[in-house]
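Working notes for the structure below.
The values are calculated or read from the model by the stated rules, or taken from the named source; none is laboratory data. Computed from a predicted structure; not experimentally measured. Heads up, the Cβs are rebuilt from the backbone with ideal geometry, glycines too, and the neighbour counts pull from every protein chain shown. In case anyone asks, the SASA skips ligands and DNA or RNA and just uses the protein heavy atoms, side chains included. Shrake-Rupley method; radii C 1.70, N 1.55, O 1.52, S 1.80 Å.
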Amino acid sequence: MECVVQGIIEAQHVDALEILLQGLCGVPKERLRIHELCLKSGANLGTVSSEVRLLCDLEQPVPTWTVRHVGGAMKGAGAEQISVLVRTMLESKVSKNALRFFYALGYKLDHELLRVGFAFHFQRGARITVTVTSANKMLKLHATEEAVQVTPGIQLVEVTAPAAADNYHDVVAAVSSFCEYLAPLLHLSKPGISTGVVPTAAAAATSLMSTTGGKAL
Amino acid sequence: MPLKWILHWQPNAGTTVNSQILTEVSQCAESINGTKDGRWKSTITYYKPMSRDPNAPGEYPRDFLGISLQEQPNKYYCIIRGQKIVLEADSSIQMIMEKLQSYKSRVSLNFEGFQYKLGDFKVRVGKVVVSHNESLRGIVMEVEYLPISSLEKSRQIMEEFVDIWQETISRKSLPGHFMHIDTNFTEYGLSDHYSSQHTAVQYATVMAQLLATVRS
């Protein structure tokens, strides 16, 4: 399972966010270029309809493939009260013929995206990953070289951390606490709950850029 | 990685496989100076599609095979035989398949026994049993040649080894013989350089052969 929160940031403040994250992390960012294919089970396959994502990491010298299944969010009064979404998430590295394999099993391509951006990894009470990406759609099937931004001017920020049934309380606390560092630049909330951009972002970004001379630390 | 040939026991017409044959075959491995070198185990699981309406047609295969190999304990291999696809995945793919509820694991077969070291070769002889049921369904053996990874370059030496093995077995006058099926790995998009995907494909081939033998 994993703990996750999301938020959005205006593209003009992404440099400031990067400076903040790099300051917190201490190591340079990891570039991201992920081709994400969302597949859904074909008609009549499965007792319930199902969805699986194939992620192709195009940033690697030889692209690598991962299958990801995101399950339902934890429910109940306890889950409602916390500000972080806890959900099941399973991943498996797979060989490059994964798409052909899932097509053969009876899955169909629902949509595909190219996510471009960067990631930072932290060890702060949990293994926290922050990704900042822009979503791009392909004008032609699988044509990642000709992708165009879906929401120009806006990027998605996602904070995730792996968790287990016996430690998710601690991981939720670690993620919540981490989000406070980013609060001047963006609101982070459970996926699906849009909180928009924060009014303090411009001032916080200006401050961050001026203290570092606008350069990554 | 070292390459392997996987052979299966083909009983003579009208006979069936039994544990006495397995004992005798294991003795053969020792009689040609094979030294026992631990146990081995591989597992094949059949996954069948689940459908909301069993009467409605579906665009999916009749089954696929999931294979776990001792040589790659953290990996899992999925094979769709009809379309000649072999997928290499982490073991966690099994949990993903479970969550998707589109295919269900129906039956698992274990291939297990002892391995023997013979110079540059490793021979593994074992029984095929349905998990949770000890009745013998077949006998398989793996012949691994450690120095070479090229299928083509090793062909002659593998053939020579198998000839010696068949000769040793024939002295026992057992009701059957070991059979090696030459698998066309190119159809699965695999190269001449041996990998665990080659092993998985060979297991799928042997499995199909064992089923055919049982049916006939």
Highest-fluctuation residue, A:102, A:118, A:178 considered, GNM on chain A with Cα pairs under 10 Å: A:102
Three semi-axes of the equivalent ellipsoid, chain A, Cα gyration tensor, whole Å, largest first: 30, 22, 16
Full-stretch length increase - residue B:184, residue B:74 - with 0.36 nm per residue and alpha-carbon distance subtracted: 37.0 nm
Computed FRET value (nearest 0.05) for residue B:130 with residue A:38, which takes r as the C-beta separation and R₀ as 45 Å: 0.75
Residue mean of other protein chain beta carbons inside 10 Å, A:49-57: 2
Cα long-axis angle, helix B:19-31 against chain B (0 to 90 degrees, to the nearest 10): 50
Residues whose placed amide H lies under 5 Å from that of residue B:107, excluding near-sequence neighbours: B:46
Vicinal HN-Hα couplings computed from phi for the stretch B:135-141 (Karplus, 6.51 cos²θ - 1.76 cosθ + 1.60; Hz; Gly/Pro x): 5, 6, 10, x, 10, 10, 9
Average beta carbon contacts from partner chains per residue of B:125-132, 10 Å cutoff: 0
Kyte-Doolittle mean at least 0.0 and Cα axial length at least 15 Å: DSSP H helices in chain A: A:14-25, A:168-182, A:201-212
With all protein chains modelled, accessible area of residue A:181 [1.4 Å, Å²]: 100
Stokes-Einstein D (µm²/s) once Rh is taken as the Kirkwood radius of the stretch A:65-143 over alpha-carbon pairs, at 4 °C in 1.567 mPa s: 81
Two-decimal Rg to Rh for the protein assembly as shown - Kirkwood Rh, Cα set: 1.08
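Determine the shielding of peptide B:47-53 by partner chains: average, over its residues, the number of Cβ atoms on other chains within 10 angstrom of each Cβ.
Average neighbour count from other chains, rounded to a whole number: 4.
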Of B:193, B:132, B:180, the one that fluctuates the most in a GNM where chain B has Cα springs shorter than 10 Å: B:132
Gaussian network model of chain A, Cα within-10 Å springs - most flexible of A:165, A:204, A:73: A:165
Set of lysines with alpha-carbon distance to residue A:40 below 30 Å, sequence-local pairs under 8 removed: A:75, A:93, A:96, A:108, A:137, A:140, A:190, B:48, B:75, B:84, B:99, B:104
Two-site label geometry, residue B:157 and residue A:48: point separation in nm, points 7 Å out along Cα→Cβ: 5.4
Coordinate range along principal axes, alpha carbons of the stretch B:144-211, Å, largest first: 40, 31, 15
The stretch A:1-59 - convex hull of alpha carbons, volume per residue in Å³: 157
For residue B:176, residues with placed amide H under 5 Å, excluding near neighbours: B:12
³J(HN,Hα), Karplus 6.51/-1.76/1.60, whole Hz, each residue of the stretch A:149-166, x for Gly, Pro: 5, 7, 10, x, x, 10, 10, 9, 10, 10, 10, 10, 8, x, 9, 9, 4, 8
Proportion of all alpha-carbon pairs of chain B beyond 32 Å (%): 19
FRET efficiency, 1/(1 + (r/R0)^6) with R0 30 Å, evaluated for residue A:81 and residue A:165 via beta carbons: 0.95
Sequence-distant residues sharing a close amide H with residue B:148 (under 5 Å, placed H): B:3
For the stretch B:144-159, 3J(HN,Hα) per residue [Karplus equation, 6.51 cos²θ - 1.76 cosθ + 1.60, θ = phi - 60°, Hz, x = Gly/Pro]: 10, 10, 6, x, 10, 10, 8, 4, 5, 5, 8, 3, 5, 5, 5, 5
Rounded, prolate or oblate (a/c below 1.5 giving rounded, otherwise prolate when a/b exceeds b/c) for the stretch A:136-217 by Cα gyration tensor: oblate
